[in-house]
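Taking it in order: structure first as structure tokens, then the write-up.
The values are calculated or read from the model by the stated rules, or taken from the named source; none is laboratory data. The shown structure was predicted, so the numbers you read here are calculated from the model rather than taken from an experiment. Please note: Cβ atoms are built from the backbone with ideal geometry, for glycine as well, and neighbour counts cover all protein chains shown.
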Amino acid sequence: MSLGYPLLASITLRQLARPLMNVLAESMNCSVSMGIRDRLSIVYVETSRITSSFAPQLSDIGLRFPIVSTAIGHAFISGCEPVERQKLLNEIRVKTPRMWAEHQDHAARSFEAFAKKGFCSVYGEQHPDHYAVGVPMGRLRDGELIVFNAVIPRFRASRQSVEEGLAPRLVEMVAQVRRSSYAV
């Protein structure tokens, strides 16, 4: 693990976020995760899932997903300052050209949507059976950019219910975490 994923993104922040993540996961029948960047991936450092034994397990601590093809990755890029964003996109383009070619158009649309709606979304591009939305929280005092996502199976939600229900709830949850962790 890359230096303990900055101590799993601050134990205090994880403790503050976990109850809010649990409420959202249970109320929306989804998984909710907190992530940080590790190279060209986002690594989950906290996850809440619904507890039903029939629920597919969509995420877990330590899982990593490519930045360029995921809602949480798009949220990370959207949360970067313009110079950092351009540097990261160039790195993705150079180091993973095939993945970049496959996902660059969707990523660009996702960044535009973030500017309008406050969240990024992916509808089956990374995993065909799942929808996901992502939101950047901001940076910790140590400079680490924290991002959150919510992932839901397609059979449980329409794009409209994700856009009008799940996404706004995730945006609000992230705002609550941000307010409660101001000094973290």
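Out of all the residues in region 157-184, which are exposed (fewer than 15 other Cβ atoms within 10 Å of the Cβ), in a helix (DSSP H, G or I) and small (G, A, S)? Across region 157-184, the qualifying residues are S161, A175, S180.
Only one entry in L8, L3, L13 is loosely packed, with under 13 Cβ neighbours inside 10 Å, over 16 Å from C120 (Cβ atoms), of a type outside the set (V, I, T) and at pLDDT below 95, namely L3.
Only one of (1) modelled with pLDDT of 95 or more; (2) over 20 Å from R179 (Cβ atoms); (3) more than 12 Å from the chain's Cα centre (by Cα) fails for A55. Which number is that? Tallying (1) modelled with pLDDT of 95 or more; (2) over 20 Å from R179 (Cβ atoms); (3) more than 12 Å from the chain's Cα centre (by Cα), A55 fails exactly one: (1).
The set of residues from region 66-84 being of a type outside the set (D, E) and farther than 16 Å from H106 by Cα comprises G79, C80, P82, V83. Restricting region 130-156 to residues that are in a loop (DSSP other than H, G, I, E, B) and touching a residue at least 60 places away in the same chain (Cβ under 8 Å) leaves a set whose member that is farthest from V177 (Cα to Cα) is D142.
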